[in-house]
Amino acid sequence: SFPGGTPSTSTQQTPTITYNTAGTYAVTLTATNGIGSSDVETKTAYIQVITSGSAPIANFVASATSVAISNTVTFTDQTAGNPTSWSWSFPGGTPSTSTQQHPVVAYNTLGTYSVTLIASNGAGNDTEIKTNYITVTPPVYCEASSVNNAYERITNVQMGSINNASAWSNYTDYTTISTQVTAGTAYPITITIGNAYNDDQVLTWVDWNQDGDFTDAGENVYVSPEGVGPFTASITPPTTAINGPTRMRIRLHEAGYGPNDTPCGTSDYGEVEDYNLVVTGGQ
């Protein structure tokens, strides 16, 4: 069913319809199979018909409306009426404005954001605002742990305002504990272990670009020598680090017995702890 169209109805699978009157129209499809079952789909205000020389009718769609922090969204202009210029506003996004027809925007801060498009041609302009259209969520990190925590363990992590004495565990999420760091500044970190063995080793990663993994260049920030510790290092956030809370992962493993020198998965012995570094002075 095509109200406002010619023909106004059709039984073809893929019909072609002509619209001769300006306005906004719905389209309804009833699809039926060989055993008589059917389903109805109606798209309201789906077809916009304008006359020559009219101002455009602004519209757009996003490639995704829920994205993990530090990911990008592509906005596709769907304006009717031959627009010739576009003015976008992306609060919370980078860039925050654009004049491209189909801009790509990065979202580096958690939250929910509106998007505005003003589309123009020689006859005028039209504004489309989609309120609370983009939701930026925290990244989802891979699991990391150990099979057996009855032997060596992390007993204390100290860096800036982090000074956490911890109990025995395979894995603990301490991301409620954080310290502020400034890009380009070095910060000492000390990791103390208990019930230590000579082949114990500590590895540390920081997700500087907040993309939900620790595999990018410069994110493996420390690999200790084998020993009983305490292990002391210096961590310098790069100037390319994304501002805001970002995860630091510390793994203790026994290098000689079922080791795992990656930020994901399990080792036979040891422990994994996660913390937050709150980056300033980055991007």
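Of ASN59, ASN20, ASN33, all but one fail to be of a type outside the set (Gly, Ala, Ser), in contact (Cβ under 8 Å) with a residue 12 or more places away in the chain and over 29 Å from THR116 (Cβ atoms); the exception is ASN20.
Residues in the stretch 67-104 that are assigned to a strand (DSSP E or B) and within 28 Å of THR24 (Cβ to Cβ): VAL73, THR74, PHE75, THR76, ASP77, ALA80, SER85, TRP86, SER87, TRP88, SER89, SER98. The listed residues are ALA144, ALA123, ALA150, ALA165, and the only one of them that is open to solvent by 40 Å² or more (accessible area, probe 1.4 Å) and over 21 Å from GLY227 (Cβ atoms) turns out to be ALA123.
So, of the residues in the stretch 228-240 that are surrounded by 16 or more Cβ atoms within 10 Å (Cβ to Cβ) and modelled with pLDDT of 95 or more, which turns out to be farthest from the chain's Cα centre (by Cα)?
PHE231
For the residues ARG247, ARG251, the requirement of being open to solvent by 10 Å² or more (accessible area, probe 1.4 Å) and in a strand (DSSP E or B) singles out ARG247.
If I filter the stretch 254-269 for residues that are polar (S, T, N, Q) and farther than 26 Å from ASN148 by Cα, do I get at least one hit?
no
To keep it simple, each residue is scored yes or no on (1) outside any strand (DSSP E or B); (2) of a type in the set (Val, Ile, Thr); (3) closer than 28 Å to SER63 by Cα.
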residue: ILE118; (1), (2), (3): no, yes, yes
residue: VAL147; (1), (2), (3): no, yes, no
residue: TYR151; (1), (2), (3): yes, no, no
residue: ASP173; (1), (2), (3): no, no, no
residue: THR190; (1), (2), (3): no, yes, no
residue: VAL202; (1), (2), (3): no, yes, no
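Scanning the stretch 1-58 for residues that are within 30 Å of GLN101 (Cα to Cα), among the hydroxyl-bearing types (Ser, Thr, Tyr) and outside any strand (DSSP E or B) yields a total of 6. Identify all residues within the stretch 94-111 that are open to solvent by less than 40 Å² (accessible area, probe 1.4 Å) and modelled with pLDDT of 95 or more; write none if there are none. SER98, PRO103, VAL105, listed by residue number.
The values are calculated or read from the model by the stated rules, or taken from the named source; none is laboratory data. Computed from a predicted model, the values in this text were never measured in an experiment. Reconstructed Cβ throughout: ideal geometry from the backbone, glycine too, with neighbour counts over all protein chains shown. Keep in mind that these areas ignore ligands, DNA and RNA; they rest on the heavy atoms of the full protein, side chains included. Shrake-Rupley method; radii C 1.70, N 1.55, O 1.52, S 1.80 Å.
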